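Input: a single structure, listed below in C-alpha coordinates.
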Amino acid sequence: MAVNLLDFDLEGLAAYCESLGEKRFRAVQLFRWIHQKGASDFEQMSDLAKSLRGKLAGVAEVRAPAVISEHVSADGTVKWLFDVGAGNAVETVFIPEADRGTLCVSSQAGCAVGCRFCSTGHQGFSRNLSTGEIAGQLWFAEHRLRQTLQLPAGQRAIDNVVMMGMGEPLQNYDALVPALRTMLSDHAYGLSRRRVTVSTSGLTRMIDRLRQDCPVALAVSLHAPDDALRDVLVPLNRKHNIDELLDACVRYLPAAPRDFITFEYCMLDGVNDAPEQARALVRLVQGRVPCKFNLIPFNPFPASGLKRSPAERVQAFAKVLQDAGIVTTVRKTRGDDIDAACGQLAGEVQDRTNARERLARRRVIPIAEQGAAA
Ligand code: SAH
Ligand code: SF4
(Lines give C-alpha, C1' and ligand atoms only; values in the text may rest on other atoms or scores of the structure.)
(Ligands and ions follow the chains in the order given, each with its own letter.)
Protein backbone atom coordinates (compact mmCIF):
# COMPACT_ATOMS: atom_id res chain seq x y z
CA MET A 1 0.00 0.00 0.00
CA ALA A 2 1.18 3.49 -0.76
CA VAL A 3 2.77 5.50 2.04
CA ASN A 4 0.44 8.25 3.22
CA LEU A 5 2.46 11.46 3.51
CA LEU A 6 -0.09 12.92 5.95
CA ASP A 7 1.28 10.38 8.44
CA PHE A 8 4.52 12.36 8.72
CA ASP A 9 5.54 15.48 10.58
CA LEU A 10 8.36 17.40 8.91
CA GLU A 11 11.05 15.32 10.60
CA GLY A 12 9.35 12.11 9.52
CA LEU A 13 8.96 13.38 5.96
CA ALA A 14 12.66 14.31 5.85
CA ALA A 15 13.59 10.79 6.94
CA TYR A 16 11.25 9.39 4.31
CA CYS A 17 12.81 11.55 1.58
CA GLU A 18 16.24 10.32 2.67
CA SER A 19 15.06 6.75 2.42
CA LEU A 20 14.18 7.49 -1.21
CA GLY A 21 17.73 8.77 -1.76
CA GLU A 22 16.66 12.42 -1.74
CA LYS A 23 18.11 15.36 0.18
CA ARG A 24 16.28 16.16 3.41
CA PHE A 25 15.56 19.75 2.39
CA ARG A 26 13.26 18.47 -0.35
CA ALA A 27 10.92 17.51 2.46
CA VAL A 28 10.34 21.19 3.29
CA GLN A 29 9.16 21.89 -0.26
CA LEU A 30 6.97 18.82 -0.25
CA PHE A 31 5.52 19.59 3.19
CA ARG A 32 4.62 23.10 2.06
CA TRP A 33 2.89 21.85 -1.05
CA ILE A 34 0.85 19.40 0.92
CA HIS A 35 -0.13 21.46 3.94
CA GLN A 36 0.08 25.08 2.81
CA LYS A 37 -1.32 24.60 -0.68
CA GLY A 38 -3.48 21.55 -0.08
CA ALA A 39 -1.90 19.68 -3.00
CA SER A 40 -2.29 15.94 -3.30
CA ASP A 41 -1.14 15.48 -6.89
CA PHE A 42 2.65 15.30 -7.13
CA GLU A 43 2.61 16.51 -10.75
CA GLN A 44 1.16 19.80 -9.53
CA MET A 45 4.21 20.41 -7.31
CA SER A 46 6.03 22.33 -10.00
CA ASP A 47 9.21 23.35 -8.17
CA LEU A 48 9.84 19.87 -6.84
CA ALA A 49 12.61 17.99 -8.70
CA LYS A 50 11.09 15.90 -11.46
CA SER A 51 12.97 12.84 -10.28
CA LEU A 52 11.38 13.09 -6.82
CA ARG A 53 7.94 13.63 -8.27
CA GLY A 54 8.41 10.51 -10.34
CA LYS A 55 9.54 8.46 -7.36
CA LEU A 56 6.68 9.64 -5.17
CA ALA A 57 4.05 8.92 -7.77
CA GLY A 58 4.83 5.23 -7.56
CA VAL A 59 4.98 4.77 -3.81
CA ALA A 60 3.30 7.60 -1.93
CA GLU A 61 0.02 9.45 -1.68
CA VAL A 62 -1.63 12.28 0.24
CA ARG A 63 -4.81 10.80 1.65
CA ALA A 64 -7.20 12.25 4.20
CA PRO A 65 -10.00 10.00 5.46
CA ALA A 66 -12.88 9.78 2.98
CA VAL A 67 -15.63 12.33 3.58
CA ILE A 68 -19.10 10.90 4.03
CA SER A 69 -20.96 14.16 4.42
CA GLU A 70 -20.77 17.85 5.15
CA HIS A 71 -23.47 19.66 7.10
CA VAL A 72 -23.71 23.39 7.55
CA SER A 73 -25.53 24.75 10.60
CA ALA A 74 -27.63 27.89 10.63
CA ASP A 75 -24.90 29.54 12.73
CA GLY A 76 -22.17 28.73 10.18
CA THR A 77 -20.79 25.73 12.06
CA VAL A 78 -19.74 23.00 9.64
CA LYS A 79 -19.59 19.31 10.52
CA TRP A 80 -17.87 16.66 8.46
CA LEU A 81 -18.30 12.96 8.92
CA PHE A 82 -15.22 10.97 7.88
CA ASP A 83 -15.17 7.28 7.10
CA VAL A 84 -12.36 5.56 9.00
CA GLY A 85 -13.21 2.04 7.88
CA ALA A 86 -14.94 -1.02 9.33
CA GLY A 87 -18.21 0.84 9.82
CA ASN A 88 -16.60 3.57 11.91
CA ALA A 89 -16.88 7.27 11.31
CA VAL A 90 -15.44 10.25 13.14
CA GLU A 91 -16.53 13.84 13.13
CA THR A 92 -14.76 17.13 12.71
CA VAL A 93 -16.43 20.45 13.45
CA PHE A 94 -15.53 23.94 12.24
CA ILE A 95 -16.75 26.77 14.46
CA PRO A 96 -16.50 30.25 12.91
CA GLU A 97 -16.25 33.15 15.32
CA ALA A 98 -15.89 36.87 14.72
CA ASP A 99 -12.14 36.91 15.22
CA ARG A 100 -11.10 33.35 14.45
CA GLY A 101 -12.00 29.94 13.12
CA THR A 102 -11.73 26.91 15.37
CA LEU A 103 -11.54 23.30 14.27
CA CYS A 104 -12.59 20.57 16.69
CA VAL A 105 -10.65 17.43 15.77
CA SER A 106 -11.21 13.76 16.69
CA SER A 107 -8.42 11.48 17.87
CA GLN A 108 -10.11 8.06 18.11
CA ALA A 109 -13.12 6.18 16.74
CA GLY A 110 -15.07 5.79 19.96
CA CYS A 111 -13.39 6.15 23.35
CA ALA A 112 -12.39 3.71 26.07
CA VAL A 113 -12.73 6.15 28.99
CA GLY A 114 -16.50 5.79 29.05
CA CYS A 115 -17.59 9.03 30.71
CA ARG A 116 -21.23 8.87 31.81
CA PHE A 117 -22.33 12.03 30.03
CA CYS A 118 -20.57 11.50 26.69
CA SER A 119 -22.13 9.79 23.70
CA THR A 120 -18.70 8.83 22.33
CA GLY A 121 -17.97 7.18 25.67
CA HIS A 122 -21.22 5.23 25.47
CA GLN A 123 -20.18 3.80 22.09
CA GLY A 124 -17.07 2.19 23.51
CA PHE A 125 -13.70 2.09 21.82
CA SER A 126 -13.20 1.09 18.19
CA ARG A 127 -9.69 2.17 17.30
CA ASN A 128 -7.01 4.80 17.37
CA LEU A 129 -6.79 7.15 14.43
CA SER A 130 -3.48 7.34 12.59
CA THR A 131 -1.48 10.57 12.42
CA GLY A 132 -2.68 10.93 8.83
CA GLU A 133 -6.29 10.62 9.93
CA ILE A 134 -5.83 13.26 12.64
CA ALA A 135 -3.77 15.72 10.57
CA GLY A 136 -5.94 14.82 7.56
CA GLN A 137 -9.00 16.33 9.28
CA LEU A 138 -7.21 19.69 9.42
CA TRP A 139 -5.72 19.29 5.94
CA PHE A 140 -9.12 18.60 4.46
CA ALA A 141 -11.07 21.20 6.45
CA GLU A 142 -8.57 24.04 5.90
CA HIS A 143 -8.42 23.63 2.14
CA ARG A 144 -12.09 22.85 1.74
CA LEU A 145 -13.01 26.00 3.69
CA ARG A 146 -10.60 28.19 1.73
CA GLN A 147 -12.49 27.05 -1.33
CA THR A 148 -16.06 27.31 -0.04
CA LEU A 149 -15.48 30.59 1.82
CA GLN A 150 -13.52 31.87 -1.20
CA LEU A 151 -10.74 33.20 0.97
CA PRO A 152 -8.12 35.41 -0.69
CA ALA A 153 -4.73 33.75 -1.28
CA GLY A 154 -2.65 33.60 1.86
CA GLN A 155 -5.60 33.82 4.23
CA ARG A 156 -6.25 30.80 6.36
CA ALA A 157 -9.62 29.57 7.53
CA ILE A 158 -8.53 27.81 10.70
CA ASP A 159 -6.32 29.43 13.31
CA ASN A 160 -7.30 27.43 16.34
CA VAL A 161 -7.42 23.66 16.80
CA VAL A 162 -8.97 21.93 19.78
CA MET A 163 -8.58 18.18 20.27
CA MET A 164 -12.12 18.00 21.62
CA GLY A 165 -13.82 15.80 19.08
CA MET A 166 -14.28 12.09 19.55
CA GLY A 167 -11.79 10.18 21.62
CA GLU A 168 -9.21 10.69 24.33
CA PRO A 169 -6.17 12.22 22.57
CA LEU A 170 -3.70 11.16 25.25
CA GLN A 171 -4.74 7.52 24.80
CA ASN A 172 -3.52 7.83 21.22
CA TYR A 173 -0.32 9.61 22.07
CA ASP A 174 2.06 8.26 19.43
CA ALA A 175 -0.22 9.27 16.58
CA LEU A 176 -1.21 12.56 18.23
CA VAL A 177 2.22 14.13 18.69
CA PRO A 178 3.33 14.14 15.01
CA ALA A 179 -0.10 15.54 14.09
CA LEU A 180 0.35 18.34 16.65
CA ARG A 181 3.83 19.07 15.28
CA THR A 182 2.39 19.41 11.79
CA MET A 183 -0.23 21.84 13.10
CA LEU A 184 2.53 23.93 14.69
CA SER A 185 5.07 23.80 11.88
CA ASP A 186 5.77 27.07 10.07
CA HIS A 187 6.08 25.03 6.90
CA ALA A 188 2.54 23.71 7.36
CA TYR A 189 -0.24 25.45 9.31
CA GLY A 190 1.98 27.59 11.54
CA LEU A 191 -0.50 27.60 14.42
CA SER A 192 0.78 29.06 17.67
CA ARG A 193 1.13 26.70 20.62
CA ARG A 194 -1.45 28.78 22.43
CA ARG A 195 -3.94 28.01 19.70
CA VAL A 196 -3.61 24.27 19.70
CA THR A 197 -5.36 22.72 22.66
CA VAL A 198 -5.25 19.14 23.86
CA SER A 199 -8.25 18.27 25.98
CA THR A 200 -7.89 15.29 28.28
CA SER A 201 -9.95 13.44 30.82
CA GLY A 202 -6.78 13.25 32.92
CA LEU A 203 -4.11 10.73 31.98
CA THR A 204 -1.49 12.12 34.30
CA ARG A 205 1.60 10.32 32.98
CA MET A 206 0.70 11.32 29.46
CA ILE A 207 0.28 14.95 30.54
CA ASP A 208 3.90 14.73 31.72
CA ARG A 209 5.02 13.31 28.39
CA LEU A 210 3.17 15.99 26.46
CA ARG A 211 4.94 18.63 28.53
CA GLN A 212 8.27 17.21 27.42
CA ASP A 213 7.48 16.36 23.81
CA CYS A 214 5.10 19.03 22.58
CA PRO A 215 3.70 21.46 25.16
CA VAL A 216 0.55 22.99 23.72
CA ALA A 217 -2.39 24.55 25.57
CA LEU A 218 -3.97 22.09 27.97
CA ALA A 219 -7.63 21.65 28.85
CA VAL A 220 -8.55 19.16 31.55
CA SER A 221 -12.03 17.71 31.87
CA LEU A 222 -12.69 17.95 35.59
CA HIS A 223 -16.50 17.68 35.94
CA ALA A 224 -16.54 17.07 39.70
CA PRO A 225 -15.06 18.63 42.84
CA ASP A 226 -14.41 15.34 44.65
CA ASP A 227 -13.22 11.83 43.87
CA ALA A 228 -16.47 10.11 44.88
CA LEU A 229 -18.40 11.91 42.14
CA ARG A 230 -15.58 12.02 39.60
CA ASP A 231 -15.10 8.24 39.94
CA VAL A 232 -18.66 7.85 38.65
CA LEU A 233 -18.62 10.51 35.92
CA VAL A 234 -15.08 9.93 34.61
CA PRO A 235 -14.18 6.30 35.43
CA LEU A 236 -10.51 6.97 34.75
CA ASN A 237 -10.48 8.90 38.02
CA ARG A 238 -10.33 5.61 39.93
CA LYS A 239 -6.82 5.19 38.53
CA HIS A 240 -5.70 8.80 38.45
CA ASN A 241 -7.49 10.72 41.17
CA ILE A 242 -8.05 14.46 41.38
CA ASP A 243 -5.03 15.06 43.59
CA GLU A 244 -2.71 13.30 41.17
CA LEU A 245 -4.35 15.15 38.26
CA LEU A 246 -3.89 18.59 39.82
CA ASP A 247 -0.22 17.77 40.54
CA ALA A 248 0.25 16.91 36.85
CA CYS A 249 -1.38 20.25 35.92
CA VAL A 250 1.03 22.12 38.21
CA ARG A 251 3.99 20.33 36.64
CA TYR A 252 2.69 21.17 33.16
CA LEU A 253 2.39 24.90 33.66
CA PRO A 254 6.05 26.01 33.47
CA ALA A 255 6.28 24.50 29.96
CA ALA A 256 2.78 25.48 28.85
CA PRO A 257 2.25 28.25 26.29
CA ARG A 258 -0.35 29.80 28.59
CA ASP A 259 0.02 30.51 32.27
CA PHE A 260 -3.17 28.71 33.20
CA ILE A 261 -4.89 25.38 32.72
CA THR A 262 -8.44 25.36 31.39
CA PHE A 263 -10.77 23.15 33.40
CA GLU A 264 -13.81 21.94 31.50
CA TYR A 265 -16.87 21.22 33.56
CA CYS A 266 -19.97 19.70 32.01
CA MET A 267 -23.04 21.01 33.86
CA LEU A 268 -25.36 18.15 34.81
CA ASP A 269 -28.67 18.93 36.44
CA GLY A 270 -28.72 17.93 40.10
CA VAL A 271 -25.45 16.01 39.78
CA ASN A 272 -22.52 18.43 39.87
CA ASP A 273 -24.11 21.87 39.62
CA ALA A 274 -24.86 22.89 43.24
CA PRO A 275 -23.35 26.12 44.61
CA GLU A 276 -21.72 24.06 47.37
CA GLN A 277 -19.94 22.05 44.67
CA ALA A 278 -18.69 25.30 43.11
CA ARG A 279 -17.32 26.33 46.52
CA ALA A 280 -15.62 22.93 46.82
CA LEU A 281 -14.00 23.53 43.43
CA VAL A 282 -12.69 26.88 44.63
CA ARG A 283 -11.13 25.22 47.69
CA LEU A 284 -9.63 22.56 45.45
CA VAL A 285 -7.81 24.80 42.98
CA GLN A 286 -7.28 28.13 44.71
CA GLY A 287 -3.65 28.80 45.50
CA ARG A 288 -2.73 25.52 43.83
CA VAL A 289 -3.41 25.59 40.07
CA PRO A 290 -3.66 28.85 38.11
CA CYS A 291 -6.72 28.06 36.01
CA LYS A 292 -9.80 29.14 34.14
CA PHE A 293 -13.09 27.31 34.11
CA ASN A 294 -15.14 26.60 31.05
CA LEU A 295 -18.64 25.45 31.99
CA ILE A 296 -20.22 23.35 29.26
CA PRO A 297 -24.01 23.02 29.30
CA PHE A 298 -24.62 19.27 28.98
CA ASN A 299 -25.87 18.19 25.59
CA PRO A 300 -28.34 15.44 26.37
CA PHE A 301 -28.68 12.15 24.55
CA PRO A 302 -31.26 9.53 25.53
CA ALA A 303 -28.96 6.75 26.80
CA SER A 304 -27.33 9.06 29.33
CA GLY A 305 -30.37 9.47 31.58
CA LEU A 306 -28.97 12.89 32.50
CA LYS A 307 -30.33 16.40 32.09
CA ARG A 308 -28.79 19.78 31.30
CA SER A 309 -28.53 22.20 34.21
CA PRO A 310 -30.96 25.11 33.91
CA ALA A 311 -29.29 28.33 32.73
CA GLU A 312 -29.84 30.10 36.08
CA ARG A 313 -28.07 27.29 37.90
CA VAL A 314 -25.13 27.50 35.50
CA GLN A 315 -24.97 31.26 36.07
CA ALA A 316 -25.09 30.87 39.85
CA PHE A 317 -22.33 28.26 39.68
CA ALA A 318 -20.21 30.53 37.48
CA LYS A 319 -20.73 33.40 39.90
CA VAL A 320 -19.30 31.45 42.84
CA LEU A 321 -16.13 30.78 40.85
CA GLN A 322 -15.95 34.34 39.52
CA ASP A 323 -16.44 35.84 42.97
CA ALA A 324 -13.44 33.82 44.09
CA GLY A 325 -11.42 35.48 41.32
CA ILE A 326 -11.40 32.52 38.90
CA VAL A 327 -12.05 33.48 35.29
CA THR A 328 -15.07 31.44 34.25
CA THR A 329 -16.86 31.26 30.93
CA VAL A 330 -19.97 29.41 29.90
CA ARG A 331 -19.57 27.71 26.56
CA LYS A 332 -22.03 28.76 23.93
CA THR A 333 -23.57 25.74 22.32
CA ARG A 334 -22.88 25.85 18.61
CA GLY A 335 -24.18 23.76 15.77
CA ASP A 336 -26.60 21.75 17.87
CA ASP A 337 -29.10 21.79 15.00
CA ILE A 338 -26.69 19.50 13.15
CA ASP A 339 -25.67 17.43 16.20
CA ALA A 340 -22.26 19.05 16.20
CA ALA A 341 -22.25 20.20 19.81
CA CYS A 342 -19.94 18.77 22.48
CA GLY A 343 -20.67 15.18 23.32
CA GLN A 344 -23.16 14.81 20.49
CA LEU A 345 -20.60 13.40 18.15
CA ALA A 346 -21.79 9.92 17.36
CA GLY A 347 -19.52 7.88 15.26
CA GLU A 348 -20.80 4.63 13.94
CA VAL A 349 -21.97 4.68 10.39
CA GLN A 350 -24.55 1.96 11.04
CA ASP A 351 -26.08 4.16 13.72
CA ARG A 352 -26.48 7.01 11.33
CA THR A 353 -29.63 5.87 9.56
CA ASN A 354 -31.94 7.95 11.72
CA ALA A 355 -29.50 10.80 11.76
CA ARG A 356 -29.32 10.64 7.98
CA GLU A 357 -33.07 10.96 7.72
CA ARG A 358 -33.08 13.91 10.07
CA LEU A 359 -30.17 15.48 8.29
CA ALA A 360 -31.79 15.02 4.92
CA ARG A 361 -34.24 17.73 5.93
CA ARG A 362 -31.38 20.11 6.55
CA ARG A 363 -28.83 21.67 4.32
CA VAL A 364 -26.44 19.00 3.13
CA ILE A 365 -23.68 19.59 0.65
CA PRO A 366 -22.58 16.39 -1.01
CA ILE A 367 -18.88 16.09 -1.52
CA ALA A 368 -18.25 15.17 -5.10
CA GLU A 369 -14.92 13.58 -4.44
CA GLN A 370 -12.43 13.54 -1.70
CA GLY A 371 -9.71 15.26 -3.69
CA ALA A 372 -11.93 18.34 -4.00
CA ALA A 373 -9.88 20.27 -1.49
CA ALA A 374 -6.66 20.04 -3.44
N1 SAH B 1 -11.59 13.04 25.60
C2 SAH B 1 -11.25 14.38 25.80
C3 SAH B 1 -11.59 15.28 24.63
C4 SAH B 1 -12.90 15.04 23.94
S5 SAH B 1 -14.35 15.44 24.81
C6 SAH B 1 -11.84 14.92 27.09
O7 SAH B 1 -12.68 14.24 27.68
O8 SAH B 1 -11.44 15.99 27.50
C9 SAH B 1 -14.34 17.22 24.79
C10 SAH B 1 -15.18 17.85 25.88
O11 SAH B 1 -16.57 17.61 25.65
C12 SAH B 1 -14.86 17.29 27.25
O13 SAH B 1 -14.66 18.30 28.19
C14 SAH B 1 -16.08 16.50 27.56
O15 SAH B 1 -16.26 16.37 28.92
C16 SAH B 1 -17.17 17.29 26.89
N17 SAH B 1 -18.41 16.52 26.70
C18 SAH B 1 -18.52 15.21 26.45
N19 SAH B 1 -19.82 14.85 26.35
C20 SAH B 1 -20.53 15.98 26.53
C21 SAH B 1 -21.94 16.28 26.52
N22 SAH B 1 -22.83 15.33 26.28
N23 SAH B 1 -22.30 17.54 26.72
C24 SAH B 1 -21.39 18.51 26.93
N25 SAH B 1 -20.08 18.30 26.95
C26 SAH B 1 -19.64 17.05 26.75
FE1 SF4 C 1 -13.80 9.87 26.07
FE2 SF4 C 1 -13.66 12.53 26.50
FE3 SF4 C 1 -16.02 11.32 25.98
FE4 SF4 C 1 -14.80 10.91 28.30
S5 SF4 C 1 -15.61 12.87 27.54
S6 SF4 C 1 -15.74 9.33 27.02
S7 SF4 C 1 -12.67 10.91 27.68
S8 SF4 C 1 -14.31 11.49 24.60
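The values are calculated or read from the model by the stated rules, or taken from the named source; none is laboratory data. These numbers were taken from a predicted model, which means no experiment stands behind them. Every residue, glycine as well, gets a Cβ built from its backbone with ideal geometry; the counts of neighbours run over all protein chains shown. In case anyone asks, the SASA skips ligands and DNA or RNA and just uses the protein heavy atoms, side chains included. Shrake-Rupley method; radii C 1.70, N 1.55, O 1.52, S 1.80 Å.
Test Leu170 against the criterion of being within 16 Å of ligand 2 (Cβ to nearest atom), crowded, with 20+ Cβ neighbours inside 10 Å and either in a helix (DSSP H, G or I) or among the small types (Gly, Ala, Ser) (or both), and give yes or no.
Against the criterion (within 16 Å of ligand 2 (Cβ to nearest atom), crowded, with 20+ Cβ neighbours inside 10 Å and either in a helix (DSSP H, G or I) or among the small types (Gly, Ala, Ser) (or both)), Leu170 qualifies.
May I ask you to verify whether Ala219 is surrounded by fewer than 21 Cβ atoms within 10 Å (Cβ to Cβ), touching a residue at least 12 places away in the same chain (Cβ under 8 Å), in the same structural domain as Arg116 (by TED's automatic domain parsing) and within 12 Å of ligand 1 (Cβ to nearest atom)?
In short, yes.
Between a first residue in segment 319-333 that is part of a helix (DSSP H, G or I) and a second residue that is of a type in the set (S, T, N, Q) and crowded, with 17+ Cβ neighbours inside 10 Å, which pairs have beta carbons less than 6 Å apart while being 6 or more apart in sequence or on different chains?
That search, which allows pairs on different chains as well, returns Leu321/Thr328; Gln322/Thr328.
Would you be able to tell me the number of residues in segment 185-240 that are in a loop (DSSP other than H, G, I, E, B) and not aromatic (Phe, Trp, Tyr)?
Summing the residues that are in a loop (DSSP other than H, G, I, E, B) and not aromatic (Phe, Trp, Tyr) in segment 185-240 gives 21.
Looking only at residues that are polar (S, T, N, Q) and within 30 Å of Asp213 (Cα to Cα) in segment 245-291, which one is surrounded by the fewest Cβ atoms within 10 Å (Cβ to Cβ)?
Here the residue is Gln286.
Do we find that Arg100 is more than 16 Å from ligand 1 (Cβ to nearest atom) and under 24 Å from Thr333 (Cβ atoms) in this structure?
The answer is yes for Arg100.
Does Ser192 satisfy being surrounded by fewer than 17 Cβ atoms within 10 Å (Cβ to Cβ), in the same structural domain as Leu321 (by TED's automatic domain parsing) and either away from ligand 2 (no atom under 16 Å from the Cβ) or of a type outside the set (S, T, N, Q) (or both)?
yes
Given the conditions (1) among the small types (Gly, Ala, Ser); (2) touching a helix residue (DSSP H, G or I) at 6+ places or on another chain (Cβ under 7 Å); (3) open to solvent by 10 Å² or more (accessible area, probe 1.4 Å), which single one is not true for Gly132?
That leaves (3) as the condition not met.
Restricting the search to segment 241-264, which residues are in contact with a helix residue (DSSP H, G or I) (Cβ under 8 Å, 6 or more places away or on another chain) and part of a strand (DSSP E or B)?
The answer is Ile261, Phe263.
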